[in-house]
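Notes for the one structure printed next.
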Amino acid sequence: MRDPDQQYFVYILASKSRALYIGITRHLGVRIAQHKSGKFGGFTTRYKTYRLVYFERFFSPHSAISREKQLKGWLRAKKIALIKRENPTWEDLAAEWPTAGPSTRGPTPAAPSG
């Protein structure tokens with residue numbers, strides 16, 4: 001019997017302009033909430049990649065790490081084809097999750113002129 005605490009997730013986040021981010025985590029809902037809050041900054045904050053558009057579950061850290069590396073090595077077109085096959089409308093798969101929810105980060109205000 002598999003231990004439910006021994007789960008690993010490889011996931012793809014996308015921005016509205018379809019910039020992609022691939023990551024790995026043990027706690028998908030928590031990690032997506034962290035991305036959406038901008039807690040760690042970096043790529044996901046800079047490019048506003050807050051929508052979970054694809055994920056896979058693994059029971060071995062080695063398998064998850066291998067898959068993450070594989071996906072990161074793919075051409076962009078192949079990544080897009082994978083997302084379109086599983087989530088053709090690019091909906092946020094975590095939008096209704098209680099720990100992730102819809103992004104509360106709105107557009108960045110324009111800098112004052114003059």
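Observations on the model:
- Rounded to the nearest 20 debye, dipole of the range 8-86 from Cβ charges on Lys, Arg, Asp, Glu: 280
- Distance (nanometres) between label positions extended 7 Å along Cα→Cβ at Arg18 and Trp90: 0.5
- Computed packing ranks the peptides 35-44, 72-81, 11-20, 50-59 as 50-59, 11-20, 35-44, 72-81, most packed first, by mean other Cβ atoms within 10 Å.
- For the residue pairs Lys16/Lys36; Lys36/Lys72; Lys39/Lys78, the alpha carbons lie more than 18 Å apart in Lys36/Lys72; Lys39/Lys78.
Values quoted throughout were computed directly from the atomic coordinates according to the rules given, and no laboratory measurement underlies them. On a predicted model such as this, the values are computed, not experimentally measured, just so you know. No Cβ is skipped: glycine too gets one built from the backbone with ideal geometry, and neighbour counts run over all protein chains shown.
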